[in-house]
Amino acid sequence: LLIVDDVQFFANKDKVQDIFFHIFNQLQQNGKQLVLTSDRPPKDLKGLEERLLSRFKWGLSADLQIPDFETRYAIMENKMYADDIVLSKDVIKYVAYNMTGNVRELEGALISLLAHSSLTGKEIDLKLAKDILKNFVKQSTKELTIDHIQKLISDHFEMPIDLLKSKTRKRNIVQAKQIIMYFYAKNLNRDSLANINEYFHGKDHETVIRACRSVLDLIQTDNQFKNKVIELEQLINMDLK
């Protein structure tokens, strides 16, 4: 297996490209694997010979994006398991939600927490995490608006915002809309219920009241749904702090 990082730097280096072309062919003909990374897809690479580009397009191309919240949370848990570290779920969620850049940021945050705890003898709780990581976390000046809540719900459920604002009656989308109305009505009184409902193309404020009742009923009867709402509320609160 040959792994080569940042192949875009081969651009305009004719000798390097010629050597790599023969290495590529030799490994490929012998059934070996090659993994190449670059900061753009093969079709956008400039300054590379066409014979190399055609070979880069032979295999599977994967677009690796910044990890989402669930992935960052899983990375944190895996890192803790590997290093035999125990942290509360609140701390893990706070770090995973606020360290949005890359895996190195997550590891740096974890190391900072462990180092401070070791030096001071303090237990790593949510308050300590916020104090230690305040220089890493961008201080939010966000105001809790329907747009804000809708963006968080959209990201969490991986639903386009246009779909959430549509008139579709699909159950999962309707439920996501109801959760948005529930959180906004619960946290703010600046807009009337009628204004909230108008945002979702409704007819009267009773729609918002029914949405809130529906969410509350499910919280009381469906533990899985209740846990989902609790998790979403934690995300909203963390994002505003």
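Just to be sure, is L48 touching a strand residue (DSSP E or B) at 6+ places or on another chain (Cβ under 7 Å), modelled with pLDDT of 90 or more, surrounded by 10 or more Cβ atoms within 10 Å (Cβ to Cβ) and farther than 30 Å from L235 by Cβ? It is false that L48 is touching a strand residue (DSSP E or B) at 6+ places or on another chain (Cβ under 7 Å), modelled with pLDDT of 90 or more, surrounded by 10 or more Cβ atoms within 10 Å (Cβ to Cβ) and farther than 30 Å from L235 by Cβ. Any residue at all in the stretch 186-204 that's of a type in the set (S, T, N, Q), crowded, with 18+ Cβ neighbours inside 10 Å and at pLDDT below 80? Yes, some residue in the stretch 186-204 is of a type in the set (S, T, N, Q), crowded, with 18+ Cβ neighbours inside 10 Å and at pLDDT below 80. A search for C-beta distances below 8 Å between a residue of the stretch 74-89 that is free of Cβ contacts under 8 Å to residues at least 60 places away in the same chain and open to solvent by 100 Å² or more (accessible area, probe 1.4 Å) and any residue that is of a type outside the set (D, E, K, R) and not in a loop (DSSP other than H, G, I, E, B), counting only pairs 6+ apart in sequence or on different chains, returns V86/M80.
Looking only at residues of the stretch 34-46 that are part of a loop (DSSP other than H, G, I, E, B) and in contact with a helix residue (DSSP H, G or I) (Cβ under 8 Å, 6 or more places away or on another chain), we find that the one that is farthest from D5 (Cα to Cα) is L45. Is it true that D147 is in a helix (DSSP H, G or I), of a type outside the set (K, R), in contact (Cβ under 8 Å) with a residue 24 or more places away in the chain and surrounded by fewer than 16 Cβ atoms within 10 Å (Cβ to Cβ)? For D147, the condition - in a helix (DSSP H, G or I), of a type outside the set (K, R), in contact (Cβ under 8 Å) with a residue 24 or more places away in the chain and surrounded by fewer than 16 Cβ atoms within 10 Å (Cβ to Cβ) - is not met. Residues that are without any contact (Cβ under 8 Å) to a residue 24 or more places away in the chain and either among the polar types (S, T, N, Q) or closer than 22 Å to N102 by Cβ (or both) within the stretch 26-59 comprise Q26, Q29, N30, P41, D44, S54, listed in sequence order. F69 fulfils the conditions (1) closer than 30 Å to L27 by Cα; (2) open to solvent by less than 30 Å² (accessible area, probe 1.4 Å) except for a single criterion, (1). Search the stretch 64-102 for residues being within 21 Å of K127 (Cβ to Cβ) and in a loop (DSSP other than H, G, I, E, B), and hand back the single one that is modelled with the lowest pLDDT. Taking the candidates together, the pick is M99. In the stretch 135-142 there is at least one residue matching the filter, namely being of a type outside the set (S, T, Y) and open to solvent by less than 30 Å² (accessible area, probe 1.4 Å).
Test N102 against the stated conditions and say whether it is touching a residue at least 40 places away in the same chain (Cβ under 8 Å), under 30 Å from I236 (Cβ atoms) and of a type in the set (S, T, N, Q). So N102 fails the test. When D63, D6 are screened for being within 25 Å of A96 (Cα to Cα), out of contact with any strand residue (DSSP E or B) (no Cβ under 6 Å at 6 or more places or on another chain) and surrounded by fewer than 11 Cβ atoms within 10 Å (Cβ to Cβ), only D63 passes.
Answer yes or no: is there a residue in the stretch 120-130 that is at pLDDT below 85, in a helix (DSSP H, G or I) and of a type outside the set (D, E).
Of the residues in the stretch 120-130, the ones at pLDDT below 85 are none.
No, every residue in the stretch 120-130 fails to be at pLDDT below 85, in a helix (DSSP H, G or I) and of a type outside the set (D, E).
The single condition among (1) under 21 Å from D63 (Cβ atoms); (2) open to solvent by less than 30 Å² (accessible area, probe 1.4 Å) that F21 does not satisfy is (1). The numbered conditions (1) within 30 Å of L133 (Cβ to Cβ); (2) loosely packed, with under 10 Cβ neighbours inside 10 Å are all true for K15 except (1).
The values are calculated or read from the model by the stated rules, or taken from the named source; none is laboratory data. Being a predicted model, the structure only gives us computed values, none of them experimental. For neighbour counting, all protein chains shown are included, and Cβ atoms are generated from backbone atoms with ideal geometry for every residue, glycine included. These accessible areas exclude ligands, DNA and RNA; they are computed on the full protein's heavy atoms, side chains included. Shrake-Rupley method; radii C 1.70, N 1.55, O 1.52, S 1.80 Å.
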